[in-house]
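Quick note: the coordinates plus some simple rules give every number you see, no bench work behind them. Computed from a predicted model, the values in this text were never measured in an experiment. Every residue, glycine as well, gets a Cβ built from its backbone with ideal geometry; the counts of neighbours run over all protein chains shown.
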Amino acid sequence: MKYLYTILITLLTISNSYSQNENASHKITYIASLDNNGFKKSLQKNDLSKKSQHFLNQLTKSKGDIEYTLVFNNNKSFFSKDKKMNNDGKRQTSITEIIAGKGIFYTEKNELILHQKESFGEPFLITYPKTKWELTKETKKIGNYNCNKAIGIKIIENKKGIIEKEIIAWYTSEISIGFGPKEFSGLPGLILELHEGKLIFKAIKVELNSKTKIDIIKPIKGEKVTLKKHYELMRKASSDYFREKKAF
């Protein structure tokens, strides 16, 4: 499978030249996929009821690759899921999309990172902390680009407490603007491949110096909260929801 992605990114690279023009717009298409075997193993480690285990096993069967796009210029980026429909006009929902998360991510080079999403039917505008990266000497080729490996840590807070998740990013300094999928940015080059646990983003199409102007608009809708505050609100909302269900 990894060879297929390498072939795709090689064939679909639109421009081999990269412009430092501040007004130039660029677009990267990513495929998000799930390491299904690894995900199933992680499920087996959790203490789940038979009903929950059956539901999640069925859900993993509906996994499918999801396409995302990153548009950016020298100063800011916008990352979101492609709005594509099935042949019957219905949206396809898969475990991949659930793990990847919904909403849009907006990043500015001055380190502002915003995630606009809905939680329990309410809109939120969540500010994210900057990812701390450790640069390594490990390299590999992705399509036409020489890439370096970086390791980051993502802090996750849930009912089990605070968990550290390792993030692996492959970035290319040949495109020296340090944006990437979701909230991950701040490297000395563009992220072409990212591993977030069992979730994998791989660039399959690189369009540089687009002649079509792409507007990158800062999101403003939603209650402004920090990531920590959003975790706290979701914990309370989830607790209240299950308490109400038990009351009936």
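Each peptide in 25-32, 221-228 receives the mean, over its residues, of other Cβ atoms within 10 Å, and ordering these scores from highest gives 25-32, 221-228.
Pairs with C-alpha atoms separated by more than 18 Å, drawn from the list K154/K228; K102/K149; K132/K236; K81/K140; K81/K182; K81/K218, are K102/K149; K132/K236; K81/K140. Stretching E166 away from K132 to a fully extended chain increases their span by 11.1 nm, per 0.36 nm per residue minus the current alpha-carbon distance. In this structure, the pairs whose alpha-carbon distance is over 29 Å, taken from K130/K198; K83/K198; K117/K141, are K117/K141.
In terms of other Cβ atoms within 10 Å, L125, L34, L190 run from fewest to most in the order L125, L34, L190.
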